[in-house]
Amino acid sequence: LERAAVAHFGVKAYGVHMNGFVKDSNGNEFLWVARRSATKPTFPGMLDHLVAGGQGQIGCMDNVVKEAEEEAGIPRELASQARSVGAVSYRMKVDEGVKQDVLYVYDLELPEDFVPRAMDGEVEQFMLWSIERVMDSVANTQEWKPNCVLVVIDFLIRHGHIHADQPGYLQLLASLRQADLS
């Protein structure tokens, strides 16, 4: 079934999403953020991950490595250091029907001097943002592609930037696993 058609049938789809992050010499974290091309048919100009793609007939890690090279010019040797860190799921009403996705989540710590390159025309630009800027953007704008913001929130929780003492913490955790993960 073509990935674009799955919402028409309410069928679950799967994907891989990779957070690319950098730690400076002081231990501060930064996240690579992509701005989608204005010519993309879906979510043009919105914020996105460094690497993401639909999960097809190859293994998840092989897909991450392939997408990293195709989308951001990340060499295979570097991309293969990505770590599988979990999954998020969601169910969302769209014009075509119901979109149900499970996203396998990966993190890749990148060298401070590495700069991704838009390779396939899907990304307008890559930006290295401070965690504070990422958190402000997630909390106060609608700029993020809806499924990507879930993966970013998951990253912020796992890296200790969002914590249990913050209001709404448990609801936020629950929102990351809205659909069955099977």
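The values are calculated or read from the model by the stated rules, or taken from the named source; none is laboratory data. All values reported here derive from a predicted model rather than from experimental measurement. Reconstructed Cβ throughout: ideal geometry from the backbone, glycine too, with neighbour counts over all protein chains shown. Keep in mind that these areas ignore ligands, DNA and RNA; they rest on the heavy atoms of the full protein, side chains included. Shrake-Rupley method; radii C 1.70, N 1.55, O 1.52, S 1.80 Å.
Residues that are hydrophobic (A, V, I, L, M, F, W, C), farther than 18 Å from Gly45 by Cα, under 15 Å from the mean Cα position of the chain (by Cα) and open to solvent by 50 Å² or more (accessible area, probe 1.4 Å) within the range 96-146 comprise just one, Met135. Criterion applied to Val33, Val94, Val102 was being under 22 Å from Leu172 (Cα atoms) and in contact with a Ser or Thr (Cβ under 7 Å, 6 or more places away or on another chain), and the one residue passing it is Val102. Of all residues in the range 44-90, those that are part of a loop (DSSP other than H, G, I, E, B), of a type outside the set (S, T, N, Q) and under 22 Å from Asp101 (Cα atoms) total 9.
Residues in the range 147-175 that are at pLDDT below 90 and open to solvent by less than 20 Å² (accessible area, probe 1.4 Å): Asn147 alone. Tallying residues that are over 15 Å from His49 (Cα atoms), touching a strand residue (DSSP E or B) at 6+ places or on another chain (Cβ under 9 Å) and among the β-branched types (Val, Ile, Thr) within the range 86-118 yields 2.
Name the residue that is surrounded by the most Cβ atoms within 10 Å (Cβ to Cβ), counting only residues in the range 20-51 that are among the small types (Gly, Ala, Ser) and within 21 Å of Pro111 (Cβ to Cβ). Looking at the filtered set, the residue picked out is Gly20. For the range 68-85, the candidate set comprises residues that are touching a residue at least 40 places away in the same chain (Cβ under 8 Å) and open to solvent by 30 Å² or more (accessible area, probe 1.4 Å); within that set, the residue that is nearest to Ala13 (Cα to Cα) is Val85. For the range 29-43, a tally of residues being over 15 Å from the mean Cα position of the chain (by Cα) and in a strand (DSSP E or B) returns 1.
Taking the range 124-182 as the region of interest, the helices (runs of 4 or more DSSP H) fully inside it that hold 2 or more residues being closer than 23 Å to Val98 by Cβ and not basic (Lys, Arg) are 146-158, 169-175.
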